[in-house]
Amino acid sequence: MSATYTGTKVCLWTLDHADPASLETYVANGGYSALKKILAEKTPAEQIIEQVKISALRGRGGAGFPTGLKWSFMPRNYQGDKYVVCNTDEGEPGTFKDRDIVEYNPHQLIEGMIIAGYTLGAKAGYNYIHGEIFELYESWEKALEEARAAGYLGKNICGSGWDYDLHAHHGYGAYVCGEETALLESLEGKKGQPRFKPPFPASYGLYGKPTTINNTETLASIPWIMRHGGQAFLELGKPNNGGTKIFSISGHVNKPGNYEIPLGTPFADLLEMAGGVRNGHKLKAVIPGGSSAPVLPAEIMMDCTLDFDAIAKAGSMLGSGAVIVMDETTCMVKALERLSYFYFEESCGQCTPCREGTGWMYRVVHRIEHGEGRPEDLDLLMDVGRNISGRTICALGDAAVGPVHSFIKHFRQEFEHHIAHKRCMVGA
Amino acid sequence: MTLSAESLAQIDKEIAKYPANQKQSAVMSALRIAQLEKGWLSPETIEFVAQYLGMPAIAAYEVATFYNMYELEPCGRHKITVCTNLPCQLQGADTVADYLKRKLGIDFGETTPDGRFTLREGECFGACGSGPLCLHNNHKMHTHLTPETVDKLLDELK
Amino acid sequence: MPVITIDDKEIEVASGATVMDAARELGIYIPHFCYHKKLSIAANCRMCLVEVEKAAKPLPACATPVTDGMVVRSHSDKAVQAQKGVMEFLLINHPLDCPICDQGGECMLQDIAMGYGGVASRYVEPKRVVKEKDLGPLVATDMTRCIHCSRCVRFGQEIAGIMELGMPGRGEFTEVMPFLQHQVNSELSGNVIDLCPVGALTSKPFRYNARPWELSRRKAVSPHDGLGSNLALHVKDGRVLRATPVENEAINECWLSDRDRYSYQALNSDERLLQPMVKDGGHWVEIDWHKALVQAAGSLKVIRETHGAEAIGFLASPHQTVEELYLFQKLARALGCENVDFRIDRSDFSGQPAGVPWLGMPVAELNNLDRVLLVGSSVRKEQPLVAGRLRQAVKAGAELNVVHVADDDLLCRVANKLIAKPSGLVNALAQVAKALQEAGAAIAEAPDVAVGAEARALAASLMSGAKKAVLLGQLAQLHPHAAELHALAQAIAKATGATLGVLAASANSVGAGLVDCLPGPDGLHAAGMFTQPRKAYVILGAEPDLGAGDTAAAHQALESAELVIALSPFKTRSMDYAHVMLPIAAFAETAGSFVSMEGRLQSFRAAVPPQGEARPAWKVLRVLGNQFGLDGFDQDTAEQVLAEALPDGEAGLKARLGNEMSGVTVSHLAAAEGMERLGDTPIYQLDLYTRRAPALQATEDGLAGHAAAACGSLIARLGLATDKPVKVRQNGAETIMKLIRDDSLPDNVVRVPGSLPAAVMFGTRFGPISLEKM
Ligand SMILES: Cc1cc2nc3c(=O)[nH]c(=O)nc-3n(C[C@H](O)[C@H](O)[C@H](O)COP(=O)(O)O)c2cc1C
Ligand code: SF4
Ligand code: FES
């Protein structure tokens, strides 16, 4: 495998064209043909879901839940409104892939959301866009206008007699709203506090109506699957890990950015595409799936392939495909301090273990980083973490614990050095 | 206390996105639009927005205090929010932040005496690949920051 | 139905039930904070985590639905470990200031911490400190103690119907607070004190008065509205220091209105009459009971001999007990006097229902109604917990319709409403009757009036639905044409298959009727006793010059009487016109009984001894009977009096309840021109006690009870200023009072509460009135 991937891309292919975001570019390359076909042939929802199942498309939002299965949970003959919601609240540190889809291939996301709406019998769809990328909230609304003008949205879509519309909703600075039920609360105009599940969105979602929530990349993959078939998508990746995936690589690499490559690509290749580790330093550690994923030491990471199963086996998660690279100059205590602060700052505050525990963990790590650590602190951190994970309403609690546990597990001696010598062992 | 006709028109546009009995869904946009006009969200502004959307004032206040990008106190003409989260940090955000603090003579959360700049620490903007980053007044993102580009930016912001 | 096993005990539960429900049925205690059976599930405290077989993680019992065959362990190592973990988190930022905390001794956190708290805290970081909030005169805060269970917030949204408290902020910095320093004004606000599992929200008047374990709890029945809420009076050194609800699903559930909760303050008021007193050459002198009774009876005898028994008027308050009211009317009649009445606040005495007016159904049935027509009722202020039940009914899909003189915010969806000036109220209700007739309903009483669209919509609502009720509120009963309103309501109820109900305004209105504390055939009713002044009056626990339908007439009659004997727990006001004042035990100080609006007979004992020389009124009346040498005044106990008053008890009295009224012709169909007065009874002016509870008087409702109010457009039209003094004139009398804006009032209506000392000389609660710039 060479340092550049020239094969098929599902989402970011428009970047190889002059005017990537335009409706013209998209349509000229087969855009909206899948939708037109479905509407013309009145393809039964079951058939569409079947193709999505065959494709082995797994949720790109972090949990990696099989999309076809999720779609089959939507009540078929429910009287009343149903909704489709797209999750573009990309706030997981290290993740910046969905923004590129919305910026460079907005219409594929729109077509995906329309097909989802058709398949799931939805009345309307909302795309919840991260507040900090507000410019994309505006540009995507423009794309919606184009789609409406072209008859892909609104009343009597493509003469099919079917009405359906899409809208943009923006966040305004709350990571937790990426969690699907917090997102729904936020969409309803409330604080973004996750709901206890069950009931799941498929039965009690937006405004209490059946709702399907998918990540941007997940929904953007749908048109490709419907155009080329589930099998073709599956074959882009590897069994149970269908398709290409956008990896957002950041940190100590020469060319940080998004790389859409087949699932199953070795990490070493991705690192090479990203120009390797910055100024010739040695690789120290990698967080392979966004800040919530446990960190892995270089040696484990270097012989790991990038797919849900392999990374899970290695003891972490592919998560959102956000790969954070840290070289030998990185102080792991300082790195953990910043991540712990993030979860403390972003906890919604509703459930006790997360509200109280994230602050506790941050303050302890902060003390250690500032030379006030105590020998018992590391065991305390592990224990506080154990008291949070699995006991909260949403997974932010677990997300906050992942880094703490994994950093201490793999780099304990570095923490002990901080505590003993009140300073960092990495000369940085 | 009221908002300009333009602002109200924008808010109405947002309200129209949601079912008729779900006006409250537009509260995040409404507060954003109100803040754009007034510079910050005073209790009177929040109460007005709540009434306009037919929701309890305290519920609108909950929203205004839950999301980081709302300003509950008067803030500088130019709010600069720097992401200092891990990926940006690894890519030099701290250097940029320290440079900004020194140059403006204020810390995060502070406003310059002339009321021109307010500095804030931000959490992941979802654009780490282009870090170090900052947001100008919430909506305009500036990427690949270095002391030089920071100088340029500050000069542009009168 | 699913079967679940908890701690090896098996039980079958309704599908949809949670593990917590099942555990409660099994009598298994699972520690919890945010869970409350009357509130929605929040599952945020995580204290109720239990081990569930085949579940990877411990699950919250309060939010986990039971599935068939589920096996739960609530005290296994895994469960207890999870619970201990949560408890540690709850404590790290808790001040642990139990020694100075009012909740100490009755604190869920303290109790559960005993069982689950770790020994030494592993938390060495600085603790969180939270700024205090001002929630007004009733609820005190110590917000640093808050554990974020959100019970108080959910109570506002779900039960009180108004979100006054919220949880702004995020994460560790989330704080319970009102919108800025807005006070909490719900008439049910005190319930958050009981709901708060820690000492974050406590009773302001009770603050630092006593430690819970120093208090003994005595069961009592609220003496205010006709609901008969059950409460516990907390007593120390013979004084009531606070009141809390006693759960009774059929009546107040687990709630209490603020009126019921804080009125105890009046018991310890320095306006209490502690010693018999007589007026001697214009001066009040204390004398002993014997002399007082001899003098009272003696002077009454003289009046009777010189002017005849009919020269005496007997007036009693419907907040007195069955026993007292029974002996009161018995005394009157034994003296040959038929001038007896408890309806002091009424203006219209024409048309008598065949039976004693009542709700017409059990209180609990209110929740199950599909259609309601509320006539002349500011129900939130008249019956706060009845309003709460109606809100629950509306939540469950009921259509609530209103015909009233003010567009009150009932804090729930109102299907249709007709808001009219008081003089237009009969017309408004007649429109509904007419609309029903036009819609084809078989209706007897349908006067010829022009029908508006609202009336049609309202009628349509009443013609649908199964369980229906037409309810007459306090204002409908005070109204100068109360009988016509009653007749119309009755016709509407008949035509729509609804139950006609009367919302008894006072704790013992029904009881007073049952013991016939009413004028005999040729006796005078309350108003008559004033318009045709008597030589002497005997007054039991009432302040007629404040409460009367015509306060001026009452005032003049009392002023000019030769003899006024006042049996009252308080000396103030009585002093102004009485000649003999006999101190009687206040509520909580005497055994007795009330009959509630649903016809429920509730007896209670004294919680504390009477203050000073005060004696239970039934004993005083008995001795007075003896003074006159009358037979039948030799009861030794309240029970004996009750047995005599209501021989066949609750079962028997039910047969004598009834709202059927006949022989009324509806004729006052034209609303008057110009400005008119609305003289309703404010929530905290209902009786002697509420008028003397400082905390209640300090609330927004309390203050509003002392001001004049009008809608914004009227204020503007008259060029007046809000929250400034204005000159108010009625019946030639004029006074100056604060004018407040109340847009729920129709145009040309000025609310000047009845029972306003400043407005005594205004006279009638309704009628022409004028406002003038100062
Ligand atoms: C704290 C937290 C943050 C999350 N943030 C995101 C996010 O930014 N974008 C996203 O798509 N999913 C996010 N998720 C996952 C969503 O809850 C949800 O699983 C996902 O959107 C489902 O879409 P998918 O099945 O297509 O992946 C987050 C979950 C948690 C617990
Ligand atoms: S885990 Fe944290 S973020 Fe999730 S609900 Fe609980 S407090 Fe909120
Ligand atoms: S009682 Fe179950 S989480 Fe609070």
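The values are calculated or read from the model by the stated rules, or taken from the named source; none is laboratory data. All of these numbers come straight from a predicted model, not from anything done at the bench. So basically every Cβ, Gly included, is an ideal-geometry build from the backbone, and we count neighbours across all protein chains shown. When the accessible area is computed, the model is the full protein with side chains, heavy atoms only, and any ligands, DNA or RNA have been set aside. Shrake-Rupley method; radii C 1.70, N 1.55, O 1.52, S 1.80 Å.
Just to be sure I understand the model, the point goes 7 Å from the Cα along the line to the Cβ. What's the resulting residue C:111 to residue C:650 distance in nm?
Distance between the two pseudo-spin positions: 2.7 nm.
Sort C:379-387, C:726-734 by the packing proxy (mean of other Cβ within 10 Å over each peptide's residues), most packed first.
C:379-387, C:726-734
Regarding the range C:54-139, what whole-number volume in Å³ per residue does the convex hull of its Cα atoms give?
172
Please state, as a whole number in µm²/s, the translational diffusion coefficient that the Stokes-Einstein equation yields for the range C:458-546 at 37 °C and 0.692 mPa s, with Rh defined as the Kirkwood radius across alpha carbon pairs. Display every interim value, and only then the final one.
Details: Rh = 15.8 Å.
Answer, rounded: 208 µm²/s.
I need the Debye-formula profile for the protein assembly as shown: one equal scatterer per C-alpha, no solvent, reported as log10 I(q)/I(0) at q = 0.06 1/Å, two decimals.
Per q value, in the given order, log10 I(q)/I(0) is -0.65.
Under a point-charge model restricted to the Cβ atoms of Lys and Arg (+1) and Asp and Glu (-1), what is the dipole moment magnitude of the range C:88-170 relative to its Cα centre, in debye to the nearest 20? List each step's numbers first, then the result.
Numbers: 9 positive and 11 negative charges, 70 e Å.
It comes to approximately 340 debye.
Hey, got the average number of other protein chain Cβ atoms within 10 angstrom for residues in B:116-127?
Numbers: counts 0, 0, 0, 0, 0, 2, 2, 10, 15, 10, 22, 11.
Mean shielding count: 6.
What percentages, rounded to whole numbers, describe P(r) for the range A:266-416 computed over all alpha carbon pairs with 5 Å bin width beginning at zero?
2, 10, 20, 21, 19, 15, 9, 4, 1, 0
Give the ranking of B:3, C:518 by solvent-accessible surface, highest area first, calculated with a 1.4 Å probe.
C:518, B:3
Under the definition of partner shielding as Cβ atoms of other protein chains within 10 Å of a residue Cβ, what is the mean value for peptide C:81-93?
Mean inter-chain Cβ contacts per residue within 10 Å come to 5.
Give the aspartates and glutamates reachable from residue C:395 as a straight Cα distance under 14 Å; neighbours fewer than 8 places away on the same chain don't count.
C:158, C:370
Just name one of A:300, A:110, C:69: the one whose Cα is farthest towards the positive end of the charge dipole of the protein assembly as shown (beta-carbon charges, Lys/Arg +1, Asp/Glu -1).
A:300
By a straight-distance test (C-alpha under 23 Å), which lysines pair with residue C:9 as possible cross-link partners, with residues fewer than eight away in the same chain excluded?
C:37, C:54, C:57, C:78
Of all the Cα-Cα pairs you can form in the range C:555-613, what percent are over 12 Å apart?
72
How would the range C:582-656 be classified by its alpha-carbon gyration tensor: rounded, prolate or oblate, with rounded meaning a/c under 1.5 and the a/b versus b/c comparison settling the rest?
oblate
Please compare each pair in C:279/C:619; B:23/C:434; A:70/A:255; A:123/B:140; A:123/B:23 to a cut-off of 28 Å on the Cα-Cα distance and tell me which ones are over it.
Beyond 28 Å between Cα atoms: B:23/C:434; A:70/A:255; A:123/B:140.
Of all alpha-carbon pairs in the range A:53-117, indicate the percentage at a distance above 20 angstrom.
Percentage above 20 Å: 38.
For the full complex of protein chains and a 1.4 angstrom probe, list A:277, B:27 by accessible area with the highest value first. Show your work: numbers first, answer last.
Values: A:277 25, B:27 0 Å².
These residues rank, largest area first, as A:277, B:27.
Over the alpha-carbon set of chain A, work out the extent along each principal axis and list the three values in angstrom, largest first.
On the principal axes, chain A reaches 73, 48, 36 Å in Cα extent.
For the range C:356-439, compute Rh as the Kirkwood radius over C-alpha pairs and then the Stokes-Einstein diffusion coefficient at 25 °C and 0.890 mPa s; write the answer in µm²/s, rounded to an integer.
Translational D for this selection: 182 µm²/s.
Taking the full set of protein chains and a 1.4 angstrom probe, give the accessible area of residue A:273 in square angstrom, rounded to the nearest 10.
10
Hey, what's the per residue convex hull volume over the C-alpha atoms of the range B:1-137, in cubic angstrom?
So the per-residue hull volume is 119 Å³.
Suppose every Lys and Arg Cβ carries +1 and every Asp and Glu Cβ carries -1, with no other charges. What dipole size does chain A come out with about its Cα centre, to the nearest 20 debye?
Details: 41 positive and 50 negative charges, 160 e Å.
Once rounded to the nearest 20, the dipole reads 760 debye.
About its Cα centre, what dipole magnitude does the protein assembly as shown give when the only charges are +1 on Lys and Arg Cβ and -1 on Asp and Glu Cβ, stated in debye to the nearest 20?
Charge dipole, the protein assembly as shown, about its Cα centre: 320 debye, nearest 20.
Excluding residues on the same chain fewer than 8 positions from residue C:236, give the aspartates and glutamates whose Cα lies under 13 Å from its Cα.
C:214
Among rounded, prolate and oblate, which fits the range C:391-468 when a ≥ b ≥ c are the square roots of the eigenvalues of its C-alpha gyration tensor, a/c under 1.5 means rounded, and a/b larger than b/c means prolate?
oblate
Which one of C:168, C:178, C:192 is farthest out on the positive end of the charge dipole of the range C:136-226, using unit charges on Cβ (Lys, Arg +1; Asp, Glu -1) and the Cα centre as origin?
C:192
How big is the Cα convex hull of the range A:56-181 in projection, averaged over all directions, in nm²?
For the range A:56-181, the mean projected area of the Cα convex hull comes to 8.2 nm².
Averaging over all projection directions, find the projected area of the Cα convex hull of the range C:266-402 and quote it in nm² with one decimal place.
So the Cα hull casts an average projection of 13.0 nm².
If we sort B:31-41, A:385-395 on the protection proxy, mean other Cβ atoms within 10 Å, highest first, what's the order?
A:385-395, B:31-41
Taking the Cα-to-Cβ direction at residue A:413 and at residue C:634 and moving 7 Å from each Cα, how far apart do the two end points lie in nm?
Each label point lies 7 Å from its Cα, and together they span 10.5 nm.
Provide the descending list of Cα extents for the range A:218-324 along its principal axes, expressed in whole angstroms.
Cα spread of the range A:218-324 along its principal axes, largest to smallest: 44, 27, 21 Å.
Could you pull the Cα extents of the range C:536-582 along its three principal axes, largest to smallest, in whole Å?
Largest first, the range C:536-582 extends 25, 20, 14 Å along its Cα principal axes.
Mind ranking A:310-323, B:5-18, C:263-276, C:128-141 by how tightly packed they are, going by the mean number of other C-beta atoms within 10 angstrom, highest first?
On the way: A:310-323: 23.0, B:5-18: 15.8, C:263-276: 20.4, C:128-141: 18.4.
Ranking, from highest mean packing down: A:310-323, C:263-276, C:128-141, B:5-18.
Checking the a/c ratio against 1.5 first, then a/b against b/c, what shape does the Cα gyration tensor give for the range B:58-144?
oblate
In the protein assembly as shown, with Lys and Arg counted as +1 and Asp and Glu as -1 at Cβ, which of these residues, C:593, A:403, A:265, has the Cα nearest the positive end of the dipole, that is, farthest along it?
A:265
May I ask for the Rg/Rh ratio of the range A:136-252, computed from Cα atoms with Rh as the Kirkwood radius, given to two decimals?
1.01
Against the empirical 2.2 N^0.38 Å scaling, what ratio does the C-alpha Rg of chain C come to?
Numbers: Rg = 27.9 Å, N = 774, 2.2 N^0.38 = 27.6 Å.
For chain C, the normalised Cα radius of gyration is 1.01.
Mind checking the mean number of beta-carbon atoms from other chains within 10 Å of the Cβ atoms in A:334-340?
Across A:334-340, the average partner-chain Cβ count within 10 Å equals 3.
Where in the range C:679-711 is the amide nitrogen less than 19 Å from a point lying 7 Å along the Cα-to-Cβ axis of residue C:773?
Inside the label zone: C:710-711.
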